[in-house]
1. How many residues are at the interface with chain C (Cβ under 7 Å from one of its Cβ atoms), of a type in the set (Ser, Thr, Tyr) and in contact (Cβ under 8 Å) with a residue 12 or more places away in the chain when one looks only at region A:33-57?
2. Consider region A:51-70. How many of its residues are more than 27 Å from C:Ala172 (Cβ to Cβ) and of a type in the set (A, V, I, L, M)?
3. What single numbered condition from (1) modelled with pLDDT of 90 or more; (2) under 30 Å from B:Gly258 (Cβ atoms); (3) buried (at least 24 other Cβ atoms within 10 Å of the Cβ) fails to hold for B:Pro336?
4. Of all the helices (runs of 4 or more DSSP H) wholly in region B:455-526, which have at least 2 residues that are under 30 Å from B:Thr633 (Cα atoms) and touching a residue at least 12 places away in the same chain (Cβ under 8 Å)?
5. Does B:Ala286 qualify as being assigned to a helix (DSSP H, G or I), touching a residue at least 40 places away in the same chain (Cβ under 8 Å) and closer than 24 Å to B:Thr592 by Cα?
6. Return the residue satisfying two criteria in turn: it lies in region B:173-224 and is part of a helix (DSSP H, G or I) and of a type in the set (S, T, N, Q), and of such residues it is farthest from B:Ala98 (Cα to Cα).
7. Is it the case, given these coordinates, that A:Met36 is out of contact with any His (no Cβ under 7 Å at 6 or more places or on another chain) and buried (at least 22 other Cβ atoms within 10 Å of the Cβ)?
8. So which residues in region A:63-76 are in contact (Cβ under 8 Å) with a residue 40 or more places away in the chain and facing chain C (nearest Cβ under 7 Å)?
Amino acid sequence: MLAESLFFSAVLFTIGVVGVLTRRNAIIIFMCVELMLNAVNLTFVALSTLYGATGQVFVVFVMTVAAAEAAVGLAIIISIFRHRQSVNLEDINLLKG
Amino acid sequence: MLLHMQNELPATGHVLADTVARFVWLLPVLPLLGFLVNGTLSMLAAGKPGPADPSAHGHDAHGAASAHEAHDDHDAHATRHRFAGIVSLVGPGVMVLAFGLAVAIFAAMLGAGEGMNDPYVQTLFKWMPAGALDIDVAFQLDQLSMVMVLVITGVGMLIHLFSVGYMGADPGYPRYFAYLNLFVFFMLLLVLGASYPLMFVGWEGVGLCSYLLIGFWFTEKANADAGKKAFIVNRIGDFGFLIAMFMMFANFGTLTFGGVGAAAAELPVGALVATAIALFLFLGAAGKSAQIPLYIWLPDAMAGPTPVSALIHAATMVTAGVYLVARSATLFAAAPVAQLTVAAIGALTAVFAATIGLKQWDIKKVLAYSTVSQLGYMFVGVGVGAYTAGVFHLVTHAFFKALLFLGAGSVIHIMHRAYHATHSHEDAQDMRNMGGLRAPMPVTFVLMWIATLAIAGIPFFSGFFSKDEILASVFARTHGSTLADASLLGIPGSAVLYGVYALGLAAALMTAIYMTRMMLYTFHGANRTGEKERAHMGEAPWIMTGPLVVLGVLALVGGWLNVPAVLSFLGPTEALHHWLEPVVGQGTLIVTHGEATHLSHATEYALIGTAVLIAVAGIAFAALRLKPAKLVTAKDAPAEQGIEKVLLDKWYVDEAYDKTVVKPTLAVSQNVLWKGVDAGLIDGLFVNGSAFLARGLGWVGSQLQSGRVGTYAWVLVLGVIGVLSAFSLR
Amino acid sequence: MTNEFNSLFYGFHFYLFGIIAVVSAIVFVTRKSPVAAALWLVNVLFCLAALYVLLDAQFIGAIQVLVYAGAIMVVFLFVVMLLNLGDATVVDIRGNAGRIAAGFVGALLLAEVSVLARARFPGQIELPASSGAEVVQGPGGIIAPIAEPLFREYLLAFELTSMLLLTAIVGAVVLGRKRG
């Protein structure tokens, strides 16, 4: 099951990457990032069947950090939305120049 | 010993080192000083309008006929140049001083006796110490260079004096003398240099001065074109000279005359190295001395002032090629095939140019083709290894050809004066406009006839001795010489030599014919110039006729320099031969298998008789068949037809070159090199392309700072893939 | 069913949930409406939780549902509805060329990962003392193997993570505050 898990994980990760590259809505991009994190979690858990519970400990950390990140990231997106009235990635270009 | 190594430099001091000869470096420096003074004067005057401006000449091309023909644009202006006085003093003055010094050095050499078996080499300074190559600026004073120095300074001095009168009223007077002095400087460098590179410096320098002087009246396009043509064709020959020098260095490791001569003496006869080097040297000589196929610049060079034609294109620069071959005597002696080539081409040129000279109407063109033809003779002489004969003809030719050119210059001067007075636009150089000038110009008439008889080879004039010497040498080497043993393109050497002899006789016949023709049309018969012009004709001023007289005397007695042994009743024999022996003797002997040439007295008398007969026949034929009375002036003359037209149009060689060489080169330059390489490749690809590349890279770089997060994400993912690739491909 | 990895039941369910996860992910990525996308992502998370359980990480599966699907995705949905985004009016992707390029990049990434995954795993990596397959046997059940390293070897990381959470909360509150 290890190989299949890793394969699924890779596929999910790739789908997440494609989503980040193609979508323009900032929130959906954020969700794709969460998908990538989950794929990595799956890898950790799959490998923990081989190497022990450390993998699962790490998954706990990942989830915690993902939660923190989601909170802060969404707060930022809300803040941006208040200024620009849009979450379209094309409009978030203050760095341009 | 005749085989004494003239090629090794003496270890201890030379005999001449304490004599006046140690001032040999002054010989080129004097004309250089003249150049600097005259050049400065010409530039001082150049800023002001008026007589200093060559385009203030006033009139355009000489009549309609010369709209596209280069012309000696001599014109008698009323005003003399501001600095004419100083220039007239400095220009010829340095030449007089140089000639005096040359005579003094010559006297010292005569007094040195046995000490002159080795050359006197005076090293001035190091020039090119580059690894294995070590060339100094050094002057080599030996018998051969002395002969050349005397000719250059002597005849040069006379021509400078002549120029004072001829160019006196020209707006570019100081510039003329500056260039003329510069030319003498370079020519002296050429003959005094002790190594091939230094000689090459002089070689190139005289080419440059030739260009400057031919295009002296450059405001006429035809004159400027003639100058360019001379320089470019010379350059082709220079390429040959350079290749020869490269090969010399590669094979011998040295470039001094002594070193190369010593190395050449070690080579077996017929060595490929020697043949290759000799042929390339001859290519250079053919360019400079106007042999086939590079003679085409000389007739066009008549666009320059006539004294220039006399000095450069008769007496000195064109003889540089002959000097080169004589200098490389030992090298050529080791390459019989090259020698046969030289002789064959010399003979062919002699005949070919003579045929063209038969039908030219411009007096200077006749003399130009005559020069090419006589140069062919000289190459025949040095080609068969008779270096003395070649150099002897060089000397006598300098005398009578300079005399002929200066005499023609006097005639043109008078014709110009006459036409200028009547404001006519006729061609002052066309013989059809002349005739009967014997009456107004008796002195010039006599002197020109002396020169004509000399060049035709009438006995006891100088040309007779030198021409006969050459032909006899050719005949003598048809048996028992390295040349006879060799073969050229499958033809046995002796057959080639017989052919050369026959061509030589043919050329002699034609020389006699066309020279007599020239004299007939110019001086004899009735005058065709016109009633009004005749009133203004007279003898040229003494500043011009004086040098002519000196040259006439030399043309008369110059033959005594080297009387052949069979005519010992005339006086001391073979003076020049003995004089040059330490320099070229070894080379001569190699050709003749180590024995002095000997023809039986009967053969010699027969040869002399044949030559005289040919000369007399030629003169008689011309005198009887060519009637000056049947001539009409140039503007009324009908167009030539048939073979005469071909001869007049120079066998269409220039046109052939134009079609086969010039136009393709221009086409390639224009379409391939200009449009293709320069505009397309260099401009388009390199210049514009690099700008395009910079802009492109800048655009790519700017995307890194676009501020668009989506782009950042892309770059991030691509980077990840890159890193993974690095891992997976390891 | 933990040690019967080769049984049909196990394998069938593994593939079932795996494929559903992948399909849901693909659908998730291509939705125009943010709400629909979020819900499909929730589906993916559920399937992953099932996979975790099948991989003998029951605790992780549980907290996946509780924390990830239950808290994080809820926050996402809150924000989406707060912003009242509605459906995307314009097609999101940078045209077809962008789609194809992204697909190509994805395929490339997948290929690379596969190539790398074929490498042999290192034989035995250094692990802290409490590890190994004796998960269920010891006292504390299935939680103990996770909890013990968490509060022993990784105590520092644990504390730092809690501080991180605190910072995140404060930051989120600050950032979300209305100005003026």
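1. Number satisfying all stated conditions: 1.
2. 1
3. Single failed check for B:Pro336: (1).
4. B:493-523
5. Numbers: assigned to a helix (DSSP H, G or I): yes; touching a residue at least 40 places away in the same chain (Cβ under 8 Å): yes; closer than 24 Å to B:Thr592 by Cα: no.
No, not satisfied.
6. As a first pass, look at region B:173-224 and keep what is part of a helix (DSSP H, G or I): B:173-192, B:196-214, B:221-224.
Narrowing further to those that are of a type in the set (S, T, N, Q): B:181, B:210, B:223.
Working: B:Asn181: 11, B:Ser210: 21, B:Asn223: 31 Å.
Only one residue tops the list, namely B:Asn223.
7. Values: out of contact with any His (no Cβ under 7 Å at 6 or more places or on another chain): yes; buried (at least 22 other Cβ atoms within 10 Å of the Cβ): no.
No; evaluated as a whole, the condition is false for this residue.
8. First, pick out the residues of region A:63-76 that are in contact (Cβ under 8 Å) with a residue 40 or more places away in the chain: A:70, A:73-74.
Those that are in contact (Cβ under 8 Å) with a residue 40 or more places away in the chain and facing chain C (nearest Cβ under 7 Å): A:Ala70, A:Leu74.
The values are calculated or read from the model by the stated rules, or taken from the named source; none is laboratory data. Since the model is a prediction, treat every value here as computed from it, not as a measurement. Every residue, glycine among them, receives a Cβ derived from its backbone with ideal geometry; neighbour counts consider all protein chains shown.
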